[in-house]
Amino acid sequence: MRVTNWMLLNTAVRELDDLRSQYAKAQKKVYGRSLERPSDDPQRMVEAIDLTAMKVKLERAQRAATDAKEWLSIAETSLTAMAEDLQAAQETMIQFGSPANQEPSAKQNLALQIEALRDAIKREMNAQHRGRYLFAGWATDQVPFVDDGAGGVTYQGSSHKIEREIAPGYKVTINVPGDQLPDGIIATLTEAAAEIRAGNVSRVTGELLGKVKDAADVLLARRSEVGLAYQQVEQFEGYSRDGLITVEERLGEISGGDIADAVMQMTQAQQAYQVALSAFAMALPKTLMDYMFR
């Protein structure tokens, strides 16, 4: 059978196209894109899909952990501030029991200190994080504690807890609903300031001081719960981070393989293509146009 120029040209185009495809595949491996269709490798494709889904979950968990740590950290700061203010209030009330503080000016100063501490605690009860109230339950868009007109406050939030999924299948509570705070302490401190002005030492250093101590114990308990939750978030954040690294490494192996091997394959494919191109250029018969443009 006679081999025509057309047959040689078709063969050259077909062979060059195959070599170009080999080069393209090797190049995809270098850039981690060796799996683009299920037909490339069905088994590895299924594993890649599962790993990608796990990667999405782990990334979502890390974002949730970051938000949870911010929320818990600020809540712990507010609870600590309230506990310290109550400690200061206790010291002031104890000072009132001293005979040296029974003068009108001394009593007025002590009462003002109590009221200042009361107002500071009230502000912390209405603390916010990124425009959301920390101690309002789910009602994070409205002020949780409002004045009741009698020296105390009324809680207007909800009792619901806010949760974040910090690891696949594991959630942690990141808030303290306001109904778990000793909000009655605001009225107690208001009464303490009034009793100090009136000179009622026994009531201030007795019943009212006991209520302040009880409220401080509640705040310390809430702070401990928040601190424990923060530690859990940090621990699971570490698990998620390590898991994400493992998933990404395995996903890279499946979708791209060994990078050094992929580069070598791409180089070899490129060289083979250039050699074939030169060989076919020499093998194909010259035409009149070739001689005209030499």
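How big is the gap, in Å, between the Cα center of segment 145-166 and the Cα center of segment 64-134?
17 Å
Taking a ≥ b ≥ c as the square roots of the Cα gyration tensor eigenvalues, with a/c under 1.5 meaning rounded and otherwise prolate when a/b beats b/c, else oblate, which class fits segment 56-125?
prolate
Full-extension gain between Glu249 and Val143, please, as 0.36 nm times their residue separation minus the C-alpha to C-alpha distance.
Full extension from Glu249 to Val143 adds 33.5 nm.
What ratio of Cα Rg to 2.2 N^0.38 Å holds for segment 127-212?
That works out to 1.45 for segment 127-212.
Regarding segment 64-216, what is the average projected area of its C-alpha convex hull, in nm²?
9.3 nm²
Quick one: accessible area per residue over segment 73-118, 1.4 Å probe, rounded to a whole number of Å²?
47 Å²
Is any residue of segment 105-139 close enough, with backbone N under 11 Å, to a label point placed 7 angstrom from the Cα of Ser158 along the Cα-Cβ axis, and if so, which?
Counting only backbone N, you get 137-139.
Quick check: net charge around Ser73, other residues with Cβ under 15 Å of its Cβ, Lys/Arg +1 and Asp/Glu -1?
Around Ser73, the surrounding residues sum to -1.
Filter the chymotrypsin sites (Phe, Trp or Tyr not before Pro) in segment 84-183 down to the DSSP loop ones having no more than 14 other Cβ atoms within 10 Å, then list what survives.
Listed in order of number, the matching sites are Trp138.
If each residue of separation counts as 0.36 nm, what is the full-extension length gain between Leu228 and Ala88 once their alpha-carbon separation is subtracted?
This chain segment gains 47.9 nm when fully extended.
List the residues, sorted by chain then number, that are 5 or more residues from His129 or on another chain and whose placed amide H is less than 5 Å from its amide H.
Correct list: Leu134.
The values are calculated or read from the model by the stated rules, or taken from the named source; none is laboratory data. Since the model is a prediction, treat every value here as computed from it, not as a measurement. When we count neighbours, we look across all protein chains shown, and the Cβ atoms used for this are built from the backbone with ideal geometry, even at glycine. Note: areas computed on protein heavy atoms with side chains; ligands, DNA, RNA excluded. Shrake-Rupley method; radii C 1.70, N 1.55, O 1.52, S 1.80 Å.
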